[in-house]
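The values are calculated or read from the model by the stated rules, or taken from the named source; none is laboratory data. Nothing here was measured: the structure is a model prediction, and the numbers come from that model. Using ideal geometry, Cβ is built from the backbone for each residue, glycine included, and neighbour counts are taken over all protein chains shown. Side chains included, ligands, DNA and RNA excluded: accessible areas come from the protein's heavy atoms. Shrake-Rupley method; radii C 1.70, N 1.55, O 1.52, S 1.80 Å.
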Amino acid sequence: MTSVPGSVPGLDHPVEQTEAEVTLTGRGISVSSRVEVVHDGFIAVRPSVGEFVDQVVVKVGDAVEVFWKTEDAQRALPAEITEVEQGAVIRWRMRATGPAEASQRRKAVRGRVTVPVTAGYGSIELKGETVDLSEAGLRAEFEGLGAPPEAGAKLDLAIALEDGAFKLKAEVVRTQARGARWVMSIRFANIQEKDQDRVRRRVFQALREERAKKADDAPPDLRG
């Protein structure tokens, strides 16, 4: 399927079968997704919503922004959710509500990165591993200890990247208890620019590796 006649894939809307991030306007929730179809101003994506198990992430009528990267910039498109498909495959459909623009803020790009992380919470030190990572925050799975931190709880984080660890202040966005394990979404509070650069490099490395793996796994007639 194609988009509105005259529109340019990558400029006016994300390209089909690429990654985009859907941000719920005003709610501070961003979900990475795979763009499946773009057609006549409508976009269908398959979101990665594993961290929101048993939660309704979006509903019909919600305002969102779709972010995607081009070769040298980032684009943003305002949209409205028109359909939410649940089940074995989760799919969101949305309608563009305005033109795409160059993103005026540098949007953090999230990648699936697994590195050790510790979180100081009061007198408790939680140990775990990241599930995904961006220069703005992370999602990690920790060994539960005591009572789970609530949204807004302050943390002292230490993240061990391959080229060395760094520390920073952070804040809990949400916590999900899965038995003795806690999956926590965390927002960075005061990450230094040099550490942002390190995280960004590591995320883009992970995205390149993921794209290469998908290309290797594709049938020979679908490889570029």
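Can you say whether ALA88 is under 22 Å from SER32 (Cβ atoms), touching a Lys or Arg at 6+ places or on another chain (Cβ under 9 Å) and surrounded by fewer than 18 Cβ atoms within 10 Å (Cβ to Cβ), as far as the supplied structure shows? No, not satisfied. Scan the stretch 102-112 and give yes if some residue there is without any contact (Cβ under 8 Å) to a residue 40 or more places away in the chain and in a strand (DSSP E or B), otherwise no. Yes, the stretch 102-112 contains a residue that is without any contact (Cβ under 8 Å) to a residue 40 or more places away in the chain and in a strand (DSSP E or B). Scanning the stretch 182-214 for residues that are surrounded by fewer than 19 Cβ atoms within 10 Å (Cβ to Cβ), free of Cβ contacts under 8 Å to residues at least 60 places away in the same chain and closer than 19 Å to LYS154 by Cα yields ALA189, ASN190, GLN192. Of all residues in the stretch 23-36, those satisfying the criterion of being open to solvent by less than 50 Å² (accessible area, probe 1.4 Å) and at pLDDT 90 or above are VAL35, GLU36.
Candidates in the stretch 98-110 are the residues that are at pLDDT 90 or above and under 15 Å from LYS69 (Cβ atoms); of these, the one that is surrounded by the most Cβ atoms within 10 Å (Cβ to Cβ) is ALA100. Reported count of residues in the stretch 144-198, each being among the aliphatic types (A, V, I, L, M), touching a strand residue (DSSP E or B) at 6+ places or on another chain (Cβ under 8 Å) and at pLDDT 90 or above, is 13. Filtering the stretch 79-101 to residues that are aliphatic (A, V, I, L, M) and more than 19 Å from the chain's Cα centre (by Cα) leaves ALA88, ALA96, ALA100.
Name the residues in the stretch 10-22 that are buried (at least 17 other Cβ atoms within 10 Å of the Cβ) and either assigned to a strand (DSSP E or B) or touching a strand residue (DSSP E or B) at 6+ places or on another chain (Cβ under 7 Å) (or both), would you? Once the filter is applied, which keeps residues that are buried (at least 17 other Cβ atoms within 10 Å of the Cβ) and either assigned to a strand (DSSP E or B) or touching a strand residue (DSSP E or B) at 6+ places or on another chain (Cβ under 7 Å) (or both), the stretch 10-22 yields HIS13, PRO14, GLU16, GLU19, ALA20, GLU21, VAL22. With respect to ARG91, determine if the residue is in contact with a Phe, Trp or Tyr (Cβ under 6 Å, 6 or more places away or on another chain) and modelled with pLDDT of 85 or more. No.
Taken over the stretch 118-135, residues that are touching a residue at least 60 places away in the same chain (Cβ under 8 Å) and either more than 15 Å from ALA170 (Cα to Cα) or not hydrophobic (A, V, I, L, M, F, W, C) (or both) amount to 4. Anything in the stretch 111-143 that is open to solvent by less than 10 Å² (accessible area, probe 1.4 Å), over 18 Å from the mean Cα position of the chain (by Cα) and small (Gly, Ala, Ser)? List them, or say none. Listed by number, the list holds a single entry, ALA119.
All told, VAL173 meets the bar of being of a type outside the set (Gly, Ala, Ser), assigned to a strand (DSSP E or B), out of contact with any Asp or Glu (no Cβ under 9 Å at 6 or more places or on another chain) and open to solvent by less than 80 Å² (accessible area, probe 1.4 Å).
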